[in-house]
Amino acid sequence: MSTTEVPRLGNSVLLVEDDPLVVHALALSLRKGGYDVTVAGDYDQALDRFNANSDFDVVVTDLLMPGGTGLELLKHIETKDPDLPVVIVTADQSVQAAAEAVREHAFDYLTKPVSRNQLLETVSRAIAQRVESAVEKHAQERLQEEHRQLAIRHQRTAMLLSVLYNRAVEGILVLDEDGRLVDASESFVALVGEPLYEVLDIDIRELFEPHPTEGDIQDRVVALAQGPVASGHWRGEVTVHAGRGRHLPAKMSLSVCETPAVDGEDRTRYVIALLYYETAYEQLSRQLQQADRLATIGLLAGSAAHEIKNELGPLLGYLTMIEKGNADPVGSGMIGIMRESVRRVHEHVEQILEPLRPRVRTRGAVVVSDSVDGILALLRRAGKLRRIKLSFEQRGDDDVIVHADKDEVHQIALNLITNAIDALGDGDGSERGCIEIRTWYEHDWGVLEVCDDGAGIEEELRARVFEPFFTTKGSGGTGLGLPVVNDIVRSLKGRVTLDKNGERGTVVTVWVPRYKPGH
Amino acid sequence: MNGDVAARKAAAERNALLSLAAILTHDLSNPLQSLTVLCELAIEDDEPGEGPRRAQQSLQAAERMRDLLHAYSALVRSADRPTKVGAALERTAAMFARRCERHRIALATGVERDFEGPPSTGLGLVSLFLAMIRTAEAGKGPFEARIVVDGPTLTVTLTDAEGSRCAWPAEVVESVDDICGDEGVASADDGTVTLRMESPVR
């Protein structure tokens with residue numbers, strides 16, 4: 001019988017009996033009962049009939065016959081077709097013979113003379129059981145085949161998942177409900193530069209910086225794991241503690257998954273983190289800062305052009321007078337004034353060109369207030385601070401000195417202050433608002449804080465303002481200010497946070513390592 | 001002929017008779033099988049009338065033969081092994097039912113506590129029934145024979161039509177002594193024979 005064919009009730013009987021009288025009676029009886037009967041008169045004939053035809057549904061055999069016994073025939077059938085039922089019909093009423101027949105898996109043991117009804121009922125029951133066991137076997141084979149197919153699919157899926165898991169450029173992290181690392185892909189392990197066993201079971205706060213607006217990633221993971229599975233998703237920006245002291249920004253998505261309860265074990269929740277990071281980030285960061293400097297040049301060029309124009313007006317007047325011979329350039333002091341004007345024009349041009357000049361970054365002591373003062377002077381000259389109430393406070397007696405490059409601090413302060421100015425709007429010709437700048441020491445950190453009482457940033461956008469090219473200023477913004485601040489602060493191993501400033505406005509706070517002599 | 005030789009000869013004769021009985025019961029089963037099934041088919045096939053009635057009577061005859069055959073077969077099989085006394089009594093009573101009826105012996109059997117008797121139980125019970133028949137043939141019938149099994153004790157009481165106990169001839173008591181086994185005892189007392197059987201496990 002093939003494994004795909006569903007078994008049906010059959011009617012083929014092999015009748016083994018050496019007494020012609022019995023053969024005649026039993027065969028007649030079975031045929032009248034609707035069975036197709038094949039007769040064998042002795043053991044050898046029975047073997048021949050059985051071996052030649054594998055489609056018998058039941059064998060009815062005498063116990064004693066020429067050439068062998070019914071039990072020997074039963075054993076032979078058992079080896080070839082264990083599911084074929086064998087009914088023994090014998091004159092031997094002994095308990096021993098019956099017990100032996102049962103031991104050899106005879107379907108039934110009937111003692112002669114057996115009634116027709118008893119014979120037909122037994123044969124019918126035997127065939128029904130054969131069909132039942134065949135159906136069961138068929139179902140079992142089908143289940144085994146399905147299981148095999150599932151196993152193959154599972155194996156393929158597992159291989160694909162393994163490739164995805166360990167060969168993906170993206171980092172994959174499996175976290176438990178407490179935010180501890182259960183597993184991590186090879187990509188992430190390579191990024192953090194530690195063997196897997198070193199990072200397993202550690203608190204992920206050791207692997208990620210707190211987010212400027214979202215706080216610790218571990219809090220986010222725990223909150224997700226405790227909430228409903230259906231809404232257990234989060235996407236945002238994180239900073240990875242990459243190997244060799246590097247800080248690498250990355251996009252992270254968190255999803256909650258729940259394993260089903262198996263064998264009495266409770267369901268287990270995990271939070272799966274997918275991490276997309278750009279390994280060439282340092283280069284991108286430099287490009288970002290360069291782009292931001294170009295934006296700054298635009299600001300400076302606007303201011304400088306106005307100043308240069310102011311200088312060029314008198315210069316042209318003096319030159320016209322000299323050309324017409326109406327004045328003594330030396331005696332009237334015109335030459336000295338002209339030289340001073342040219343020097344100032346040169347200074348303005350230098351201011352524009354300065355950010356474009358390649359220079360080597362040298363970190364050391366930088367006085368924060370010097371940078372802030374310089375920027376405020378520049379902005380004031382450019383007319384950017386008109387109708388703004390601005391205050392700059394340095395708390396404590398000492399200058400706040402941080403360990404950084406002068407340009408880095410300049411860039412941080414400039415970006416934060418220009419953002420604050422932009423946030424105030426134009427005030428419809430009247431007072432635009434207030435900007436408060438503060439700097440102070442906090443333990444080992446030098447802190448710079450810029451507050452404005454402008455329009456503020458909507459809560460749902462607050463997490464995105466650190467993404468490059470995301471801007472809330474429309475066409476007026478480059479979307480580089482805060483990302484560059486974040487990049488620089490990260491590279492200094494500092495921290496930046498952004499929050500609401502009371503009822504309205506924004507406060508951005510930057511922590512940069514305090515300068516220590518011999519640092 | 002000394003005693004040992006006589007005993008051996010008796011045992012050999014007994015075994016030969018038992019073997020013959022076994023072969024006979026076995027060989028009778030095949031024609032009986034044929035007869036039974038053919039009668040059943042004849043009952044099924046025949047038109048209404050005398051035919052099916054005769055076939056039905058033939059079938060009844062075959063069935064009685066089957067019952068006798070099974071009883072003889074069981075008796076022969078149990079000749080060399082311990083046997084439950086209650087079951088053996090029922091079998092033997094069925095085997096002798098017609099004979100008892102003919103001799104107007106009313107049989108009443110009961111089993112209070114069954115007991116596994118010695119290998120001689122089956123043939124011993126046959127001897128008991130034969131003795132009862134001989135007693136009836138001796139002109140003591142009709143009577144009622146009440147046979148009760150209560151553990152190893154088997155009590156046989158013969159009561160005549162007036163309700164008086166019938167006396168057992170001494171040779172009858174002796175002839176049924178076989179039923180008790182080597183260690184058992186049989187005693188007769190005013191129409192009651194009490195047999196105390198040995199246990200098959202010694």
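List of remarks:
- Hey, residue A:48 over 25 Å from residue B:24 (Cα atoms), loosely packed, with under 14 Cβ neighbours inside 10 Å and either hydroxyl-bearing (Ser, Thr, Tyr) or out of contact with any Gly (no Cβ under 6 Å at 6 or more places or on another chain) (or both) or not: yes
- Pick from the range A:207-233, criterion more than 17 Å from the chain's Cα centre (by Cα) and more than 20 Å from residue A:251 (Cβ to Cβ), ranking: modelled with the highest pLDDT: A:226
- Consider the range A:13-56 and keep the residues that are among the polar types (S, T, N, Q) and assigned to a helix (DSSP H, G or I). The one that is nearest to the other protein chains (Cβ to nearest Cβ) is A:29.
- In the set (1) within 18 Å of residue A:39 (Cα to Cα); (2) of a type outside the set (D, E, K, R); (3) assigned to a loop (DSSP other than H, G, I, E, B); (4) within 14 Å of chain B (Cβ to nearest Cβ), residue A:88 fails one condition alone, (3).
- Qualifying residue in the range A:162-173 (condition: closer than 28 Å to residue B:64 by Cα, surrounded by fewer than 18 Cβ atoms within 10 Å (Cβ to Cβ) and either within 60 Å of the chain's Cα centre (by Cα) or within 14 Å of chain B (Cβ to nearest Cβ) (or both)): no
- Considering the conditions (1) closer than 25 Å to residue B:15 by Cβ; (2) in a helix (DSSP H, G or I); (3) not charged (D, E, K, R), residue B:119 is excluded by exactly one of them, (2).
- Checking A:101, A:97 one by one, the residue that is assigned to a helix (DSSP H, G or I), out of contact with any Pro (no Cβ under 8 Å at 6 or more places or on another chain), surrounded by 17 or more Cβ atoms within 10 Å (Cβ to Cβ) and within 14 Å of chain B (Cβ to nearest Cβ) is A:97 and no other.
- Sole residue being part of a helix (DSSP H, G or I) and touching a helix residue (DSSP H, G or I) at 6+ places or on another chain (Cβ under 7 Å), chosen from B:111, B:156, B:126: B:126
- Strands (runs of 3 or more DSSP E) wholly inside the range A:384-447 containing at least 3 residues that are over 17 Å from residue A:366 (Cβ atoms) and in contact with a Cys (Cβ under 9 Å, 6 or more places away or on another chain): A:388-394, A:433-442
- From the options A:238, A:199, A:221, residue that is closer than 16 Å to residue A:170 by Cα and among the β-branched types (Val, Ile, Thr): A:238
- Failed condition for residue B:27, given (1) facing chain A (nearest Cβ under 10 Å); (2) buried (at least 21 other Cβ atoms within 10 Å of the Cβ); (3) not aromatic (Phe, Trp, Tyr): (2)
- Verdict on residue A:82 being surrounded by fewer than 16 Cβ atoms within 10 Å (Cβ to Cβ), at pLDDT 85 or above and more than 60 Å from the chain's Cα centre (by Cα): no
- Here the condition is being surrounded by 17 or more Cβ atoms within 10 Å (Cβ to Cβ), out of contact with any strand residue (DSSP E or B) (no Cβ under 9 Å at 6 or more places or on another chain), assigned by TED's automatic domain parsing to the domain that holds residue A:483 and in contact (Cβ under 8 Å) with a residue 40 or more places away in the chain; of A:413, A:420, A:382, it holds for A:382 alone.
- Annotation note: of B:42, B:74, B:55, the sole residue that is outside any loop (DSSP other than H, G, I, E, B), farther than 18 Å from residue A:89 by Cβ, at the interface with chain A (Cβ under 8 Å from one of its Cβ atoms) and at pLDDT below 90 is B:74.
- When the test is whether a residue is farther than 25 Å from residue B:136 by Cβ, hydroxyl-bearing (Ser, Thr, Tyr) and within 11 Å of chain A (Cβ to nearest Cβ), residue B:83 does not pass it.
Residues checked against (1) touching a residue at least 40 places away in the same chain (Cβ under 8 Å); (2) assigned to a loop (DSSP other than H, G, I, E, B):
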residue	(1), (2)
A:126	yes, no
A:135	yes, no
A:141	yes, no
A:145	yes, no
A:160	no, no
A:172	yes, no
A:177	yes, yes
A:188	yes, no
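- Index of the failed condition, residue B:18 passing every other in (1) within 13 Å of another protein chain (Cβ to nearest Cβ); (2) in contact (Cβ under 8 Å) with a residue 24 or more places away in the chain; (3) over 14 Å from the mean Cα position of the chain (by Cα): (1)
- Failed criterion for residue A:202 (all others in (1) without any contact (Cβ under 8 Å) to a residue 12 or more places away in the chain; (2) exposed (fewer than 14 other Cβ atoms within 10 Å of the Cβ) hold): (1)
- Summed over the range A:357-411, the residues that are of a type in the set (Lys, Arg), farther than 30 Å from residue A:431 by Cβ and out of contact with any helix residue (DSSP H, G or I) (no Cβ under 9 Å at 6 or more places or on another chain) give a count of 1.
- Condition check for residue A:205 on (1) part of a helix (DSSP H, G or I); (2) in contact with a Lys or Arg (Cβ under 7 Å, 6 or more places away or on another chain): one failure, at (2).
- Options B:88, B:94, B:6, B:10: the member that is touching a strand residue (DSSP E or B) at 6+ places or on another chain (Cβ under 9 Å) and more than 14 Å from chain A (Cβ to nearest Cβ): B:88
- Residue satisfying condition, being of a type in the set (Ser, Thr, Tyr) and in the same structural domain as residue B:113 (by TED's automatic domain parsing), within set B:36, B:25, B:92: B:92
- Hits in the range A:232-271 (condition: in a strand (DSSP E or B), within 20 Å of residue A:210 (Cβ to Cβ) and of a type in the set (Lys, Arg)): A:235, A:251
- Number of the condition not met by residue B:60 [criteria: (1) within 25 Å of the chain's Cα centre (by Cα); (2) away from every other protein chain (no Cβ under 12 Å); (3) modelled with pLDDT under 85]: (3)
The values are calculated or read from the model by the stated rules, or taken from the named source; none is laboratory data. Worth saying up front: this structure is predicted, and the values here are computed from it rather than measured. Cβ sites come from the backbone with ideal geometry, for glycine too, and all protein chains shown count toward neighbours.
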